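Read the figures in this text as sums done on the coordinates, not as results from a lab. Here the structure is a predicted model, which is why all the values come from computation and not from measurement. Don't worry about glycine lacking a Cβ; one is built from the backbone with ideal geometry, like all the others, and counts go over all protein chains shown.
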Amino acid sequence: MTGASARRAATACMAAAIAATLLAACSRGPPAPPVRPTPDVSTVTATPRDLPLTFEFLAQTQSSQSVNIQARVSGFLDKRVYTEGDVVRAGQVLFLMDPKPFRAQVDAAQAQLNNAQAALDVAKFDLDRVKPLAEQKALSAKDLDDANGNFLSARANVDAARANLETAKLNLSYTTITSPITGITGSAVVADGSYVSSSNSQLTTVSALSPMWVTFSLSEAEALRYREEVERGAVRRPAGGHYTVQIVMADGTLFPETGRITFADPGYNTQTGTFSVRVQVANPDGLLRPNQFVRVKLLGAVRPNAQAVPLRAVQQGPKGHFLWVVGKEGTVEMRPVVVGDWAGDEWVITGGLDPTSVVVVDGTLTLTPGAKVNAKPLAAPAAVARASPAAVVQGAPKEPGLAGPHLPARIYFASGTAALDANAREALRSIGNGLAGAPYVVEVTGYVDASGSAQRNKELAERRARAVRDALVATGVPPDRLRLAPPASIVGHSDAEQARRVDIALSPR
């Protein structure tokens, strides 16, 4: 066989092999698509429950008493005797004016009084001599009238001189200018050595720091919506309408004291369509300063029988918000929903969900309608660590069958503060949810370590107890079931870290 013949034979064999392979492949049909694993998802059941409702507003601080310090007399300002920007006490000296002209006026007024008193004595002697002689007809009635008139005139001159002396002494006292209140001082408006008169009598200001006012505005639309929700039962006001007010600082930290609403403007501002609401809050450490921008949170209202899901469960598409819901067959479907307000880290769902809907929270990125999933309940948040600056330590249960976290429990605080951190608030939220329906009074008792004065420790312990109480109220615990119990000893423990705490315990009604 020649070389050409051999190549033709090899080519024919190769073509026959390829044809056989293609025929075999066609007989088996197309390859099966790869089997996709069933995705795992975390779910929650949208069971209706009472949700605490929080209103949040931008606000501004305002001194509850701001006093303009003004000179009451004209004269030269000797010197300023306070440090600008310092906190001063009521009665503390702020400015001294030149007293010499006013001392001279006092001396002159005293001399006038002495002169008038001497004239009065002479008039009295004359009247005493004339009166018996007139009665004996030795002198005329006119002589008696003149003597009596001179006496009355002299007595009036004494009264006028005495009043002038009091005025002069008062003006002299005005040369020492003191603060009428305890508060923080402003800058001095008039320099030392300047002449002060009615045209430049303003010297400085003193603004009270405690209590502090915090004002915010409520729009007409917000007020009408809130009223409508209350009337149809979608919102329940706190008992007595007494909201607990928390203040959030500019850096996001929570102010340790809670406030209360003390005034609401009865009329709307015609230019802005809002009315002002004023909150009063204790500010013992002077952390809040006038004209500071903060945020206020109003706690105590409740949404009864509301449905809420974690924020991350809510998706948004071209047609609005939707959720992934797991059906009875273990398949998922997209469910359009109507969303309401945020409640902490949850979103209130006002329409589109059944009371028993199982909502997918985690694992939504790969889902498609009708896909089968392995649904697992969302894991509860991890327990609070003891190392946290404000942490919870739960004791043994007092009563069997109590839902949620058992009591007693303890909330620990950092040194010198009554602020609750995020971990402590999460723990208190769990405790508050566990107290739902329990027929008990909750006793809250604050403690401190041994540092600090007795008065300051007493105030700090009370502030810590109030902070825990207000946090429990925010979770929906009725305020009438919370009682601040005085401690047997305000120092909670010989170990400072163990002493800085609040105890939460149950007692029968």
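Whole-Hz Karplus ³J(HN,Hα) for the range 118-126, in order, using 6.51 cos²θ - 1.76 cosθ + 1.60 and θ = phi - 60°, x for Gly and Pro?
5, 4, 5, 5, 4, 4, 5, 4, 4
Give me Rg over Rh for the range 68-207, both radii from the alpha carbons and Rh done the Kirkwood way, two decimal places.
Values: Rg = 24.0 Å, Rh = 18.2 Å.
On the Cα set of the range 68-207, Rg over Rh gives 1.32.
Measure nothing fancy, just the Cα-based angle from helix 422-434's long axis to the longest principal axis of the chain, in degrees from 0 to 90, nearest 10.
80
If I stretch the segment between Thr167 and Ser74 completely, what's the gain in nm (0.36 nm per residue apart, minus their alpha carbon distance), one decimal? All intermediate terms of the calculation are to be shown ahead of the outcome.
Numbers: separation 93, 0.36 × 93 = 33.48 nm, distance 1.41 nm.
Taking Thr167 through Ser74 to full extension adds about 32.1 nm, to one decimal.
Counting just the Cα atoms, what span does the range 225-359 cover along each of its three principal axes? Round to the nearest Å and put the largest first.
60, 33, 32
How large is the dipole of the range 68-207 about the Cα centre if only Lys and Arg carry +1 and Asp and Glu carry -1, each at its Cβ, rounded to the nearest 20 debye?
It comes to approximately 120 debye.
What does the C-alpha gyration tensor say about the overall shape of the range 216-279? Classify as rounded when a/c is under 1.5, otherwise prolate if a/b is larger than b/c, or oblate.
Numbers: a/c = 1.89, a/b = 1.24, b/c = 1.52.
Taking the square roots of the gyration eigenvalues as a ≥ b ≥ c, the range 216-279 is oblate.
Using modelled amide H (1.01 Å from N, peptide plane; none on Pro or chain starts), what sits under 5 Å from the amide H of Phe76, excluding residues fewer than 5 places away?
Under 5 Å from the amide H of Phe76: Asp98, Val196.
Which of these values of Rg and Dmax of the Cα atoms in Å was calculated from the structure shown: (1) 41.5, 191; (2) 30.0, 96; (3) 22.7, 72?
The value computed from this structure is option (1).
How many angstrom lie between the Cα centre of the range 275-293 and the Cα centre of the range 89-153?
So the two Cα centres are separated by 55 Å.
Which ³J(HN,Hα) values in Hz, rounded to whole numbers, follow from the phi angles of the range 305-318 under the Karplus curve 6.51 cos²θ - 1.76 cosθ + 1.60, where θ = phi - 60° and Gly and Pro get x?
6, 9, 9, 9, 10, x, 4, 6, 7, 7, 10, 10, x, x
Can you give the calculated 222 nm mean residue ellipticity of the chain, where each DSSP H run of n ≥ 4 adds -39,500 (n - 2.57) and the sum is split over every residue, rounded to the nearest 500 deg cm²/dmol?
Calculated mean residue ellipticity at 222 nm is -10000 deg cm²/dmol.
Mind pulling the angle between the C-alpha long axis of helix 220-231 and the longest principal axis of the chain? Nearest 10 degrees, somewhere in 0 to 90.
70
Could you give the nm distance between label points at Leu484 and Ala111, where each point is 7 Å from its Cα heading toward the beta carbon?
The two pseudo-label positions are separated by 6.2 nm.
Which order results if Val325, Val359 are arranged by neighbouring Cβ count within 10 Å, fewest first? Provide the component values of the computation, followed by the final result.
On the way: Val325 20, Val359 25.
Sorted ascending by nearby Cβ count, the order is Val325, Val359.
Would you mind telling me the antiparallel percentage of the DSSP bridges in the chain, rounded to 5? Please report the intermediate quantities before stating the final value.
On the way: 89 of 97 bridges.
About 90 percent, rounded to the nearest 5.
Pairing the Cα long axis of helix 454-474 with the longest principal axis of the chain, what angle in degrees results, from 0 to 90 and rounded to the nearest 10?
40
Taking R0 as 56 Å, what FRET efficiency do you get between Ser453 and Arg232 from their Cβ-Cβ distance, rounded to the nearest 0.05? It would help to have the intermediate numbers written out before the result.
Values: r = 52 Å, r/R0 = 0.93.
Using R0 = 56 Å, I get an efficiency of 0.60.
Can you give me the distance in nm between label points at Ile181 and Val491, each placed 7 Å from the Cα along the Cα-to-Cβ direction?
Label-label distance for Ile181 and Val491, simple model: 3.8 nm.
Apply the Karplus parameterisation 6.51 cos²θ - 1.76 cosθ + 1.60, with θ equal to phi minus 60°, to every residue of the range 355-362 and state each ³J(HN,Hα) to the nearest whole Hz, in sequence, with x for glycine and proline.
x, 10, 5, 9, 9, 7, 9, 10
Taking amide H positions as placed 1.01 Å from N in the peptide plane, with prolines and chain starts having none, which residues 5 or more places from Thr350, or on another chain, fall under 5 Å of its amide H?
Here the answer is Val338, Val339, Gly340, since their amide H atoms fall under 5 Å of that of Thr350.
If you place +1 on the Cβ of every Lys and Arg, -1 on the Cβ of every Asp and Glu, and leave all else neutral, what size is the dipole of the chain about its Cα centre, to the nearest 20 Debye?
Details: 52 positive and 46 negative charges, 374 e Å.
For the chain, the charge dipole is close to 1800 debye.
May I ask you to list the residues of the range 153-192 whose amide nitrogen lies under 17 Å from a point 7 Å from Cα along the Cα→beta-carbon direction of Phe125?
Only 154-155 fall inside the zone, counting backbone N under 17 Å.
Using +1 at the C-beta of Lys and Arg and -1 at the C-beta of Asp and Glu, which of Thr83, Val190, Ser140 has the Cα lying farthest in the positive direction of the dipole of the range 68-207?
About the Cα centre, the residue reaching furthest to the positive side is Thr83.
What distance in nm separates the simple spin-label points at Ala375 and Thr350, each placed 7 Å from Cα in the Cβ direction?
2.6
So, in Å, what gap is there between the alpha-carbon centers of the range 312-341 and the range 343-366?
About 7 Å separates the Cα centre of the range 312-341 from the one of the range 343-366.
Figure the gain on full extension for Asp192 and Ala118 (residue separation times 0.36 nm, minus the Cα-Cα span) and round it to one decimal in nm. Can you show the working numbers first?
On the way: separation 74, 0.36 × 74 = 26.64 nm, distance 4.28 nm.
Full extension from Asp192 to Ala118 adds 22.4 nm.
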